[in-house]
Amino acid sequence: NVLKIGKPEENEDMVPEHVLDPDKEPPTFSEEAFLSIESRRFEMAHARSSSTEEKYENFFSILGRFHKWLGERLLVVAIPDEFQVNDELFERIMAARQNPSDYRRDYPQERLTAYCKEHGIALLDLLPRLREANTTERVYHLRDTHWNARGNRVAGEAISEFILTQLDSGG
């Protein structure tokens, strides 16, 4: 068999069953391990934490160096974590927080958007597209933290549109 470029269904005999039917996907991590991973990542949504602020400042310092080096050629894509897209996961993580008002689900995008706007950096935020797509079918592998085939398709389409728009505008 030879893998054909195109849609997964054109390669049914070579594609794992869960790629075509996400309901058949086995989870990658145990529930406990997955919640532990996502809970650690959730700290980037802590809007009142000095350690979180320090991480953002370090990231923006590095991004600033890339911007200085690449100038207007720098294009940034904000990739949301699953807790930002999956409402049920978000609620579970928030329920375990002692001070839930210290957290803002979209805080990472808020920070990145403000920085990119202030510095004239082109930014694509995948959060709205993935959140919308997730309302009808999962876009992340089951308890995995990575996109499934549908999530990759949504992200790929958005990124290609973004790049084409930047090329058309001369940016």
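The values are calculated or read from the model by the stated rules, or taken from the named source; none is laboratory data. Here the structure is a predicted model, which is why all the values come from computation and not from measurement. Every residue, glycine among them, receives a Cβ derived from its backbone with ideal geometry; neighbour counts consider all protein chains shown. Protein only, heavy atoms only, side chains kept; ligands, DNA and RNA dropped before computing areas. Shrake-Rupley method; radii C 1.70, N 1.55, O 1.52, S 1.80 Å.
The figures follow:
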{"quantity": "Flag if Ile121 is aliphatic (A, V, I, L, M), within 21 Å of Ser169 (Cα to Cα), modelled with pLDDT of 95 or more and surrounded by 14 or more Cβ atoms within 10 Å (Cβ to Cβ)", "calculated": "yes"}
{"quantity": "Residues satisfying the stated conditions in region 63-89, i.e. more than 28 Å from Leu142 (Cβ to Cβ), in a helix (DSSP H, G or I) and open to solvent by less than 80 Å² (accessible area, probe 1.4 Å)", "calculated": "Leu63, Gly64, His67, Leu70, Gly71"}
{"quantity": "First in region 145-171 and closer than 18 Å to Leu130 by Cβ and modelled with pLDDT of 90 or more, second anywhere and hydroxyl-bearing (Ser, Thr, Tyr) and crowded, with 18+ Cβ neighbours inside 10 Å, Cβ under 8 Å, 6 or more apart", "calculated": "His146/Tyr140; Trp147/Tyr140; Asn148/Tyr140; Gly151/Tyr140"}
{"quantity": "Residues being over 13 Å from His18 (Cβ atoms), surrounded by 15 or more Cβ atoms within 10 Å (Cβ to Cβ) and not β-branched (Val, Ile, Thr) - total across region 124-158", "calculated": "14"}
{"quantity": "Flag if Arg41 is within 25 Å of Pro128 (Cβ to Cβ) and open to solvent by 60 Å² or more (accessible area, probe 1.4 Å)", "calculated": "yes"}
{"quantity": "One residue from Arg41, Arg48, Arg92, Arg111 being outside any helix (DSSP H, G or I) and basic (Lys, Arg)", "calculated": "Arg48"}
{"quantity": "Every residue from region 114-143 that is under 20 Å from Val76 (Cβ atoms) and part of a helix (DSSP H, G or I)", "calculated": "Ala114, Tyr115, Cys116, Lys117, Glu118, His119, Leu127, Pro128, Arg129, Leu130, Arg131"}
{"quantity": "Region 106-135 residues that are over 19 Å from Phe162 (Cα atoms) and touching a residue at least 24 places away in the same chain (Cβ under 8 Å), paired with ones that are surrounded by fewer than 17 Cβ atoms within 10 Å (Cβ to Cβ) and of a type in the set (A, V, I, L, M, F, W, C) (beta carbon under 6 Å, 6 or more apart)", "calculated": "Tyr107/Ala47"}
